[in-house]
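The values are calculated or read from the model by the stated rules, or taken from the named source; none is laboratory data. Keep in mind it's a predicted model, so treat the numbers as computed, not measured. In this analysis, Cβ positions are derived from the backbone assuming ideal geometry, glycine residues included, and neighbour counts consider all displayed protein chains. The accessibility values were calculated without ligands, DNA or RNA, using every heavy atom of the protein model including side chains. Shrake-Rupley method; radii C 1.70, N 1.55, O 1.52, S 1.80 Å.
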Amino acid sequence: MTDSLSAVAPGDSVPAPRDKPLLAVLRGERRPVPPLWLMRQAGRYLPEYRALRAEKGGFLALATDPAAAAEVTIQPIRRFGFDGAILFSDILMVPWALGQDLSFGVGEGPRLEPPLVDHALTALDRVPERLEPVYETVRQVAAMLPPETSFLGFAGSPWTVATYMVAGKGSKDQGETRRFAYRDPQAFGAIIDAIARMTIDYLVAQADAGVEAVQLFDSWAGSLSPAQFERWVIAPNAAIVAGLRARRPDLTIIGFPKGAGGKLPAYARETGVDALGLDETVDPAWAHAMLPEGMPVQGNLDPLALIAGGEELDRAIDRITGVLADRPHVFNLGHGILPDTPISHVERLIARVRRTA
């Protein structure tokens, strides 16, 4: 695969990690201009992505083709020069490796078979080799990135991944999984533990292949009561962080419990993550006041403000950067970029954050 970005040639000087703005801030350094990347920055708002996905014929075929997935990962770096590249993959790779069948139907979202609400986890045959294409993607991207660009891997957090494994699909309120967790906490705990163990192995292997930091996505953390949040979000994420620390102590970890709201300070204190992602519903001024002093935060522009553009976008950017100026801050969205986002608005965002416009 050819690429306009230059790979690092043998003998070239590679910057130390702290020379990379994104990695430096995630490790606690304040910068006058925050580094920038966007969740789902490699995706459907880019015409080059849509063309490649159409060529491959579907999401799973694209995500398991290392050359194609590496190209998708690089596309937003080539176009926008973000400070971080995030691996192109999916949070459901872990249940696929745990033995469920994974498919992506057109207009239906992901499906996992068999759903664990009706089947036992122990009946699944694990297939960890299904993750090998992901590691090869990481190796290819790591060889292609500009030396100043940080490389992020990721995984879904156990609660969010379990909601798909139990129901076999996504849902608006995760009701089926919440009922399962109340009805049979022992069986549900076994699912959570299996996800956590596989996730540790998965992220260690990503780090071995070349990622420098990882993000734990808990997209459905906001659907739980405080006690259930402690049990199914904080505890398993803390176990993953501890497992990663034991095996790769230098790996930087971002936690993103979307919808956690007032439970964010507890998550920040108790999980051990290095940095915390804020979704768009969190007041950054409140977060700055309530979170541990000096803890890096990431976020949290509303993806719809990016679609709106114009002066409203400028004001939203300025408020976030102003409020968080005294804390290590990575500028990002509060959730993933939406497919109908105009590219010109992304360009305006970058210019505004980097103070070139």
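Would you tally the net charge around P158, using a Cβ to Cβ cut-off of less than 13 Å, leaving P158 out, and scoring K and R as +1, D and E as -1? Result for the neighbourhood of P158: 0. Extending 7 Å from Cα along the Cβ direction at V117 and again at E230 yields two label points whose distance is 2.8 nm. Shown for the chain: lysine pairs separated by 8 or more places, or found on different chains, whose C-alpha atoms are under 24 Å apart, numbering 4. Looking at the chain alone, DSSP beta bridges between its own residues are antiparallel in about 20 percent of cases. Compared with the alpha-carbon gap, the fully stretched path from R139 to R79 is longer by 19.5 nm at 0.36 nm per residue. Rolling a 1.4 Å probe across the protein heavy atoms gives the chain an accessible surface of 40 Å² per residue.
Kindly work out what percent of the DSSP beta bridges joining two residues of region 37-158 are antiparallel, to the nearest 5. Before the final figure, lay out the partial values.
Numbers: 5 of 8 bridges.
Restricted to region 37-158, the bridges split so that about 60 percent are antiparallel.
Extension gain, E176-L304: 0.36 nm per intervening residue step, less the Cα-Cα distance, totals 43.2 nm. Using alpha-carbon positions, what is the distance between the centroids of region 157-180 and region 69-132, in Å? Between the Cα centres of region 157-180 and region 69-132 lies a distance of 16 Å. Protein-only accessible surface at a 1.4 angstrom probe places the residues W286, W232 in the order W286, W232, largest first. Between S157, S223, S89, the residue with the greatest mean-square fluctuation in the GNM of the chain (Cα pairs under 10 Å linked by springs) is S223.
When the accessible area of region 197-338 is computed with all protein chains present and a 1.4 Å probe, what percentage of it is carbon and sulfur?
Working: 2650 of 4910 Å².
Carbon with sulfur: 54 percent of the solvent-accessible area.
Tally up the carbon and sulfur contribution to the accessible surface of region 77-123 as a whole percent, 1.4 Å probe, everything protein left in place.
Values: 950 of 1920 Å².
Answer for region 77-123: carbon and sulfur cover 49 percent of the accessible area.
Can you give the net charge of the other residues whose Cβ lies under 9 Å from the Cβ of P110, counting K and R as +1 and D and E as -1?
On the way: positive: R111, K169; negative: D90, E108.
Every neighbour counted, the sum reads 0.
For region 263-357, which GluC sites (Glu not before Pro) are in a loop by DSSP, counting at most 12 other Cβ atoms within 10 Å? Answer in residue order: E293.
Ordered by solvent-accessible area of protein heavy atoms (1.4 Å probe), largest first, the residues F104, F180 come out as F104, F180. All other residues whose Cβ lies under 13 angstrom from that of A187 are scored, Lys and Arg at +1 and Asp and Glu at -1, for a net of -1. Along the chain, the exposed loop sites are trypsin sites (Lys or Arg not before Pro) outside DSSP states H, G, I, E and B with at most 12 other Cβ atoms within 10 Å, and the longest stretch free of them is 173-354. The structure shown yields Cα extents along the principal axes in Å, and of the options (1) 55, 47, 40; (2) 56, 48, 37; (3) 111, 45, 32 that calculated value carries the label (1).
Roughly how big is the chain's charge dipole about its Cα centre, with Cβ charges of +1 (Lys, Arg) and -1 (Asp, Glu), in debye to the nearest 20? Walk me through the intermediate numbers first.
Numbers: 36 positive and 43 negative charges, 88 e Å.
Rounded to the nearest 20 debye, it is 420 debye.
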